[in-house]
Each structure stands twice: as C-alpha cells, then as structure tokens.
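Have a look at the structure below, then the notes.
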Amino acid sequence: MTITETTDTTPLGEGVTRRALALVTDGTTDMAADVLRVPLGYYRDPAVLVRERRDILERTPLALIPTAQVSMPHDFVVREVLGRSVLVSRDADGVARAFLNYCRHRGARPAEGCGSARRFTCPYHAWTYDSAGQLVGIPGEEGFAGIDPTDHGLVELPSEERHGFIWVVLTAGAPIDVVGHLGPLDAELGAWDYASYGYLTEQEFPAAVNWKNGLEAFAESYHFPYVHGTSVIGQNTVANTSVHDAFGHHHRMGFPFNWITALADDPNADWDPTNQMGIIYWIYPNLVLANSPVGVELIDILPGNDPVSCVVRHGYMSKVPATNDEERAGYESMYEQVHMAVSDEDFTMLPSCGDGVRNGQHHHMLIGRNEIGVQHLVRVLAAELDFELG
Ligand code: FES
Ligand SMILES: [Fe+2]
C-alpha cells in the first residue's frame with residue numbers, strides 16, 4: 001500500500017506519470033493513513049457556514065474570473081458571489097479591477113451581464129461610471145452640488161491578476177497576497193499559462209448539497225464506475241486510482257487514463273503527465289481546475305443560503321483558443337459532454353448526499369483511506385475553522 005500524506009511534492013513531470021503507472025499496475029491508489037470520520041455538523045451546522053463565509057470565503061483571494069474571459073480593455077463580467085453582485089472590468093490601460101456592483105447614489109446595479117463597455121450607466125437615475133469604476137456622469141448635477149465625484153466611484157475590492165485569473169477578496173480594504181495564498185503551488189500554477197487559453201463558456205446552477213460535499217466529488221475517482229460508468233469520465237479513466245500531492249492548503253491529483261498502461265512497453269513513450277491523466281487541482285478554498293489534454297474545466301462552488309445548498313459554476317477554457325466556428329463547435333461538443341457528467345451525473349447524485357446530511361442520524365460520515373484527496377479537503381478546512389473531527 002502507498003501512503004502519501006506529505007507536502008513533499010513531486011513536480012508535475014515524468015515522476016508523477018511513473019507513480020500513476022505503478023499504482024495502476026498494482027491495482028491500488030495513494031492512500032491516507034487511516035479512515036477519517038467527519039461529523040455531520042461539519043456540513044449542516046449553520047454556525048459553521050457563518051464562520052466559513054466570514055473567516056474564509058470573505059477573506060481569501062478567490063480566482064473569480066479567468067483572464068481569458070476579460071482579455072481586452074473594457075471587457076467586463078458581472079457575477080453573483082455569495083449573494084453580492086461583483087463587477088470585474090478591465091480599464092482602458094488594461095488593468096483588471098473588481099468592484100461591488102452597487103451605484104453610489106442609491107445602490108442599484110450599474111452593470112449587468114458581460115461583454116465590452118467603456119461606460120456603465122445605472123438604470124435608475126443614469127449615474128455613469130467608466131471601466132475603471134470612476135463616477136463620470138451625474139444627470140441634474142446641481143442636485144448634488146458639493147459632492148466630489150472622485151470620492152464616489154464604485155467601491156473597489158482588493159484584486160490581483162496572476163496566472164490567468166483575476167483574484168478577488170470580497171472585503172473592501174482587506175489585504176490581498178496571491179503569491180502568499182498560493183504558497184508552494186504558485187510556480188506550478190504559473191507553468192500552465194492559463195492566460196493564453198481561450199475562454200469558451202460557462203453554466204451556473206444551484207444544487208441541494210453542502211458546497212464542501214460538492215468540491216469533494218472532484219477529489220476521488222472511487223465513484224467513477226457507479227456515477228460516470230457510461231460517460232466520457234468513467235470510460236477513459238482507471239477507477240479508484242489517483243496520485244495525490246498536497247501543496248500547502250491546495251492539492252494536485254492525477255487520475256490516470258486507461259491508456260497509461262501502454263507506457264510500460266513503449267520505448268518512445270510520452271511520459272508527460274498531462275497526456276496520461278486528468279490533472280485536477282483544488283485551489284483552496286472553492287475552485288477546482290480539471291485539466292485534460294485539450295483544456296481545463298473551471299468548477300467553482302460556493303455556499304448557498306443554507307448549509308445544504310450551493311451554487312456551482314462550470315466553465316471551460318481550451319488550451320488553444322478557437323479561431324473559427326468549426327473549432328469552437330468542437331470545443332463546445334466537448335464541453336457538453338463534460339458538463340453532462342458534472343450536472344447530470346455528479347450533481348444529480350449529490351443532492352441525495354445533501355439529504356443524508358440534512359436528515360441523517362448517523363453522527364459522522366466515513367472518508368476512506370483511498371479518498372485521500374477528500375481527506376485533505378476536510379482536514380484543511382476543518383483546521384481553518386477549528387472544527388474538531390473524529
Ligand atoms: S441608484 Fe444609480 S443612479 Fe440612482
Ligand atoms: Fe464525478
């Protein structure tokens with residue numbers, strides 16, 4: 001049995017592929033030291049949710065928007081994040097910023113949707129902001145004599161653009177340090193060069209399951225044959241086998257493709273792990289990056305209004321941006337397949353776990369030694385929350 005509970009990580013290279021092949025050959029997986037017991041309160045206690053929001057989700061840099069989605073000056077996206085409206089906008093000089101999308105007059109939303117805009121005009125009384133969030137127009141200005149427009153731009157949130165994402169802290173005035181946040185994962189995440197990818201699409205949907213349970217579904221392949229048996233996910237991968245490496249709070253997992261076994265006898269073998277397995281990162285606290293040889297799925301999961309509800313956003317970026325309709329259609333059909341696996345398979349299964357969490361009287365869940373990635377998620381978040389496991 002392999003026990004990997006270490007922060008000594010293998011760089012993403014041939015060594016990871018060799019580890020994965022050895023696991024497949026031996027019919028095993030990276031394993032945690034013991035079974036982990038997780039009290040149901042971790043998922044259903046409203047007090048835990050309050051602390052998650054206050055101490056983690058509203059204080060930690062979240063990779064809210066991919067660079068590729070707002071690549072040009074004046075590109076913008078409005079997103080609902082933990083119940084508030086956030087505008088991410090790239091200004092005329094190419095600087096991306098994040099704002100609370102609330103008008104400084106009486107609070108309506110100046111921006112909606114996404115696209116390209118030099119100006120955002122509030123629909124209520126037509127106060128106008130530029131793409132850097134500055135207030136540039138007040139109709140009937142004499143009604144606001146003495147008000148300095150430069151003090152009444154949109155409230156900016158701390159943000160940084162790094163490694164192909166615009167990272168945002170949801171609390172105005174709070175510090176932000178994305179390098180510190182990524183810690184040992186910083187260099188590896190940078191090596192993917194996600195800023196060069198092509199943004200394709202995304203879909204958002206609610207689900208009746210705790211947000212952490214949602215993320216945990218992307219940290220084990222134990223469920224693959226049962227939930228994904230007939231789809232692209234189950235068909236291409238070796239079930240219940242994964243390489244796990246913790247990078248501080250974050251982790252990387254490799255889920256070997258079936259064809260990895262061919263490497264053993266091939267003198268010209270391609271040991272590049274990105275071609276031999278799905279490489280999945282959990283970016284603490286709420287983002288999963290699921291890489292295939294052609295692109296990356298962005299799976300962002302945040303709590304809903306009660307502990308057993310969440311909001312899932314499932315986006316896709318292709319490694320090589322589409323340059324014509326045919327290429328775009330190819331990526332779209334790929335996205336449809338993986339989105340079907342997420343929405344019709346994972347998130348059709350998961351509400352039943354939500355029901356078990358809500359109504360169960362069995363005190364705790366069991367997370368197996370083989371579910372080492374799930375154990376990592378639970379241990380990291382429980383430690384941040386001072387939540388006692390066991
Ligand atoms: S609320 Fe925006 S202009 Fe009045
Ligand atoms: Fe799944």
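Using θ = phi - 60° and the Karplus relation 6.51 cos²θ - 1.76 cosθ + 1.60, list the HN-Hα couplings for segment 357-370 in order, rounded to whole Hz, with x at every Gly or Pro.
Rounded to whole hertz, the list is 5, 5, 10, x, 10, 9, 6, 9, 8, 10, 10, x, 4, 5.
For segment 28-127, run through the chymotrypsin sites (Phe, Trp or Tyr not before Pro) and keep only the ones in DSSP coil with at most 16 other Cβ atoms within 10 Å of their Cβ.
Those that pass, being in a loop and sparsely packed, are Tyr124.
If I take R0 = 41 Å and measure r between the Cβ atoms of His363 and Asp270 in this structure, what FRET efficiency does the formula 1/(1 + (r/R0)^6) give, to the nearest 0.05?
Details: r = 48 Å, r/R0 = 1.16.
The formula returns an efficiency of 0.30 here.
May I ask you to list the GluC sites (Glu not before Pro) in segment 82-191 that are in a DSSP loop and have at most 10 other Cβ atoms within 10 Å of their Cβ?
none
Would you mind telling me which residue in His376, His250, His152 has the biggest mean-square fluctuation in a Gaussian network model of the chain, where springs connect alpha carbons within a distance under 10 angstrom?
Answer for the Gaussian network model of the chain: His152.
For a quick check, take a GNM of the chain with Cα springs below 10 Å and name the residue from Gly140, Gly115, Gly234 with the largest mean-square fluctuation.
Ranking Gly140, Gly115, Gly234 by mean-square fluctuation puts Gly140 first.
Take every DSSP beta bridge with both residues inside the chain and express the antiparallel ones as a percent of the total, to the nearest 5.
95 percent
Between segment 297-325 and segment 182-197, what's the alpha-carbon centroid distance in Å?
18 Å
Starting from the Cα gyration tensor of the chain, take the square roots of the eigenvalues, sort them a ≥ b ≥ c, and report rounded, prolate or oblate (rounded when a/c is under 1.5, otherwise prolate if a/b is larger than b/c, else oblate).
In terms of gyration-tensor shape, prolate.
Laboratory data are not the source of any read-out in this text; all were calculated from the coordinates shown. Given the structure is predicted, the values throughout are model-derived calculations rather than measurements. No Cβ is skipped: glycine too gets one built from the backbone with ideal geometry, and neighbour counts run over all protein chains shown.
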